[in-house]
Amino acid sequence: MRSEIGLIGLGVMGQGLAVNMAIHGHRVSVFNPTPELFDEFMRGRAALYPSIEGAADIRQLVDSLECPRRIMLMIKSGPPVDSVISELVDFLSPGDIIIDAGNSHFKDTIRRTRELAARGLLYLGIGISGGEEGALHGPSIMAGGSEAAWRSVENILSDIAAKAGGTVQCSGYLGPDGSGHFAKMVHNGIEYASMQLVAETYHMMRCFLRMNPEEISDVFRIWNTRRLQSYLIEITSSILAHSDGSTGKPIVDMIKDAAQQKGTGMWSVFAALELGVPVPTIAAAVEARNMSALKEQRERASGILAGPGLSSPVSVAEASRKGQMIEEIEDALYASLVCAYAQGFALLCAASIAYGWNLDSGQIASLWTGGCIIRAAFLNQIREAFDRNRGLCNLLLDEFFAGEVASCQDGWRSTVAAAANGGLPAPAMASALSYYDSYRLQVLPANLIQAQRDYFGAHTYERIDADGAFHTHWPTGRERPAG
Ligand code: 6PG
């Protein structure tokens, strides 16, 4: 019997997806360009599942599939995807389906959709989140591209996807061409922001409150039973409770403080800049990773640049306020996370309009309630907010979230102020507060920016009391309508 689907790419994610499909009773053919990995998988994990069939090359993989052929790529994004596609197309017929399940850039997906459509092939760009565990036990799946292709693979992908709370299906078709990969990119932008925000709260407890990793782990464990309940809080609690096998010290103290990245956070920021959507907390998180990577420079600068010292013992006043400060930090983290998700959803909303995708933000929130890295209890309230108002342009305008953030304000402000006064960087948290304040202020100092632009470049400005563009001849102060 022929296989229902083919899978190219047997890295950790590809292997997990193949096994997940087999567990759900699907017949899957697999191929990997490097034979060592292929042999290891076929002799190891795949041997337990008769419905996983190995293919020696791409032609054999294609020949092993029922029609229309469905082939999923789980390979490194960029040129490798184009090169595998160009090899594949010679063996495919009109109506066959290629599914790119890697972290491809959405513009590549738009291009590939068009190129393959010209050859009669259907293309799906799907974002898959959940890491190794998710791929095996149920990831979140964001599909974009040909709707007919989605209908053809929907049963397989729905079977392998996460079911949040046992019932909510965490997979779905979002819209045309690059929309699935765009949603995954925004997911990762929010992931970067959330990770940075969590790291900043850890840093505050560590440096201001002199708490050790184990104590901080307990705090995160408690937070995870409340409104901050989320996968990232859960794993952070677990990480902080881990000791290093060789030294016995907390493992976190043995890990070099230089964060790496594969680029999807940066892509989110680029896309936001292109669309004119402010995402300062996502940008701050990307930049915090860039700053962390300057380890050697930071070591030199620490001996040169003045600022409040972090090594002084905790003051009596601070010690007595410890419980209260932890509560304030919790409020600050929650409000900042709401802002980060608000920025991500605002970006999705702008892209939906710009690219004509007609995205349903409530559906995306729902897909993210299970399986993915940014799954969080409050995504249920985010879904409800978009269900209440499908046209909601910013989560902060929703009554529930406006109230939530308002109630966190005092703790949020004092936490950011304490970080600034104490010389502790909190770029993501400070940017989130500044985003909130910028968004809620009716008047920003952009009037002065406009005047400056007009002064040095005659770029003109609008008035608040009359329509049209105006220019001032600044040496004389004479204003005239521009035109
Ligand atoms: C996921 C993750 C995943 C991502 C890694 C590493 O949703 O499963 O987002 O797709 O690639 O988290 O990303 P960085 O190396 O950029 O941190």
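Tabulated values for the structure
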| item | result |
| --- | --- |
| Ala301, sole failed condition from (1) more than 24 Å from Ala420 (Cβ to Cβ); (2) more than 16 Å from the ligand (Cβ to nearest atom); (3) free of Cβ contacts under 8 Å to residues at least 40 places away in the same chain | (1) |
| Any chance Thr264 is more than 16 Å from the ligand (Cβ to nearest atom) and of a type in the set (Val, Ile, Thr) | no |
| Among the residues listed as Ser129, Ser152, Ser194, Ser158, the single one being out of contact with any His (no Cβ under 7 Å at 6 or more places or on another chain), within 16 Å of the ligand (Cβ to nearest atom) and of a type in the set (S, T, N, Q) | Ser194 |
| Residue within the stretch 102-109 that is within 14 Å of the ligand (Cβ to nearest atom), part of a helix (DSSP H, G or I), out of contact with any helix residue (DSSP H, G or I) (no Cβ under 6 Å at 6 or more places or on another chain) and not acidic (Asp, Glu) present | no |
| From the options Glu154, Glu133, residue that is surrounded by fewer than 21 Cβ atoms within 10 Å (Cβ to Cβ) and within 13 Å of Ile373 (Cα to Cα) | Glu133 |
| Selection count, the stretch 271-298, where residues are within 14 Å of the ligand (Cβ to nearest atom) and hydrophobic (A, V, I, L, M, F, W, C) | 5 |
| Subset tally (residues that are outside any strand (DSSP E or B) and under 40 Å from the mean Cα position of the chain (by Cα)) for the stretch 457-473 | 5 |
| Test: Ile373 is closer than 30 Å to Arg210 by Cα, touching a helix residue (DSSP H, G or I) at 6+ places or on another chain (Cβ under 7 Å), within 16 Å of the ligand (Cβ to nearest atom) and at pLDDT 95 or above | yes |
| Test: residue in the stretch 325-332 that is under 15 Å from Ala193 (Cβ atoms), away from the ligand (no atom under 15 Å from the Cβ) and at pLDDT 95 or above | yes |
| Residue that is touching a helix residue (DSSP H, G or I) at 6+ places or on another chain (Cβ under 8 Å), surrounded by fewer than 22 Cβ atoms within 10 Å (Cβ to Cβ) and on the phi < 0 side of the Ramachandran plot, where the choices are Val30, Val89 | Val89 |
| Number of the condition not met by Met185 [criteria: (1) away from the ligand (no atom under 12 Å from the Cβ); (2) within 24 Å of Gly11 (Cα to Cα); (3) of a type outside the set (Lys, Arg)] | (1) |
| Total residues in the stretch 346-370, condition in a loop (DSSP other than H, G, I, E, B), within 16 Å of the ligand (Cβ to nearest atom) and of a type in the set (A, V, I, L, M, F, W, C) | 1 |
| Any hit, the stretch 405-416, residues being closer than 23 Å to Arg227 by Cα, exposed (fewer than 15 other Cβ atoms within 10 Å of the Cβ) and aliphatic (A, V, I, L, M) | yes |
| Strands (runs of 3 or more DSSP E) within the stretch 1-82 that include 2 or more residues under 21 Å from Thr109 (Cα atoms) | 5-8, 70-73 |
| Exclusive hit being of a type in the set (Asp, Glu) and within 24 Å of Phe182 (Cβ to Cβ), set Asp331, Asp398 | Asp398 |
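The values are calculated or read from the model by the stated rules, or taken from the named source; none is laboratory data. Owing to the predicted nature of the structure, the values given are computational and were not obtained by experimental measurement. When we count neighbours, we look across all protein chains shown, and the Cβ atoms used for this are built from the backbone with ideal geometry, even at glycine.
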